[in-house]
Amino acid sequence: MKILQASVKDANEILNLQKSAFQIEAEIYNNYDISPLKETIEEISRCFKTHVFLKAEDSGKIVGAVRAFEKDETCYIGRLAVSKEMQNRGIGTLLMKEIEKYFKTKRFELFTGAKSEKNIQLYKKLGYSPFGKEKSGCGGLAEVIFMGKIKFCKRRG
């Protein structure tokens, strides 16, 4: 398993992975109109200009991906996706840790569906805390939870 920075040439494979992985979210909410399922190849390709994409590769195949961008000293992380057959193997954790290393900011933020218990559990395990909820929220979900994390620098001496 390798975690690498993705490029726009990976866009189609990442988009297919994302659409497959987010079917699970769509089933939880009985809503197949969520933004990760509606994103087009043109839209994801444009995101490569403003976002950093990381991919998890296994035997040359992309099995996981995440994207992020920095604004006002906060790193916004989104669209963490792991292929259905590779879930629960630590790939999401690896991708999250690597995207955090990539950005030098101390504050990280993301959102997930309020009913997405496995996602919430993963983010809490990684040090994220809920700080807000929004009804009829982002990405077509009925309710989302915003989660954040502050990285503290260790002092020497």
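Converting phi to 3J(HN,Hα) with the Karplus coefficients 6.51, -1.76 and 1.60 and the offset θ = phi - 60°, the stretch 16-25 yields 5, 4, 4, 5, 5, 5, 7, 4, 4, 5 Hz in sequence order, with x at every glycine or proline. Shown in residue order for the stretch 4-15 are the 3J(HN,Hα) couplings computed by the Karplus curve 6.51 cos²θ - 1.76 cosθ + 1.60 at θ = phi - 60°: 9, 6, 8, 10, 4, 5, 8, 4, 5, 5, 5, 4 Hz (x for Gly and Pro).
Over all Cα atoms in the stretch 1-138, the spread is summed up by Rg and Dmax: 14.2, 41 Å. The length gained on full extension between K101 and R89, counted as 0.36 nm times the residue separation minus their Cα-Cα distance, comes to 2.3 nm.
Rounded to the nearest 0.05, the FRET efficiency derived from the C-beta distance between A142 and S45 at R0 = 30 Å is 0.55. Only DSSP H runs of four or more residues enter the estimate; each adds -39500 (n - 2.57), and after division by the residues of the chain the mean residue ellipticity at 222 nm equals -8500 deg cm²/dmol. Dipole orientation for the stretch 2-150: of the candidates Q18, S35, L126, L126 has the Cα lying most toward the positive pole (charges on Cβ; Lys, Arg +1; Asp, Glu -1).
For the chain, the relative contact order is 21 percent, taking Cα pairs closer than 8 Å that sit 6 or more residues apart in sequence and dividing their mean separation by the residue count.
No lab work stands behind these numbers, since they all come straight from the coordinates. Since the model is a prediction, treat every value here as computed from it, not as a measurement. So basically every Cβ, Gly included, is an ideal-geometry build from the backbone, and we count neighbours across all protein chains shown.
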